[in-house]
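Here's the structure, in structure tokens; my notes come after.
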């Protein structure tokens, strides 16, 4: 099914781009502050894990047929874990933003020790939160889409869909098999009736 494969590639490339942005911004924020904040470390870790694994999943699927990393069940599991990490990254960044800033024009006096006093740092914190949530949304839509397509394929008789590659997944092609079997059965019955 070409649509699933194309949708997958688009979603994962967009996720990699989000990862690059979050990695750069989080690393820059970490270099500015004397004390490391959870959202900086989480942003760096989430982006690095995504950059290390997602291109590998796509590359292995494109170059090697039947690889374990390309199975639908493995992809759903791993992307589900990444989904949680991306949500946590966005949520943690927005929490720090809400604690340290009243908009990017003002900073709360209680949080001077955050070392997040200039406007560019405020904007970068906002961007980490935004791209964290964007990565989560991309993963959520793709994950739900893949799960629904897999369940649809399984309900139409493709019981091996969970262990097949996303590239080779036939979510809707199996609909035609029961119809053709029904057609063949009615043809056989009419042929049998004519003989009797």
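Among the residues of the stretch 171-181, is any within 18 Å of residue 10 (Cβ to Cβ) and either out of contact with any strand residue (DSSP E or B) (no Cβ under 8 Å at 6 or more places or on another chain) or at pLDDT below 80 (or both)? The answer is yes, given that some residue of the stretch 171-181 is within 18 Å of residue 10 (Cβ to Cβ) and either out of contact with any strand residue (DSSP E or B) (no Cβ under 8 Å at 6 or more places or on another chain) or at pLDDT below 80 (or both).
Step by step: first the residues of the stretch 99-137, then only those that are at pLDDT below 85 and surrounded by 18 or more Cβ atoms within 10 Å (Cβ to Cβ), then the one that is farthest from residue 37 (Cα to Cα). Which residue is that?
Applying the first criterion (at pLDDT below 85) to the stretch 99-137 yields 99-122.
So of that shortlist, the ones also surrounded by 18 or more Cβ atoms within 10 Å (Cβ to Cβ) come out as 100-101, 107, 114, 116, 121-122.
Working: 100: 12, 101: 15, 107: 17, 114: 9, 116: 11, 121: 13, 122: 14 Å.
Residue satisfying both the conditions and the ranking: 107.
Are any residues in the stretch 1-39 within 21 Å of residue 100 (Cβ to Cβ) and surrounded by fewer than 18 Cβ atoms within 10 Å (Cβ to Cβ), and if so, which ones? Selection gives 24, 27, 28, 30, 31, 32, 33, 34, 35, 36, 38. Is it the case that some residue within the stretch 64-78 is touching a strand residue (DSSP E or B) at 6+ places or on another chain (Cβ under 6 Å) and part of a helix (DSSP H, G or I)? The answer is yes, given that some residue of the stretch 64-78 is touching a strand residue (DSSP E or B) at 6+ places or on another chain (Cβ under 6 Å) and part of a helix (DSSP H, G or I).
The values are calculated or read from the model by the stated rules, or taken from the named source; none is laboratory data. Source: prediction; values computed, not measured. Cβ coordinates were reconstructed from backbone atoms using ideal geometry, including for glycine residues, and neighbour counts include every protein chain displayed.
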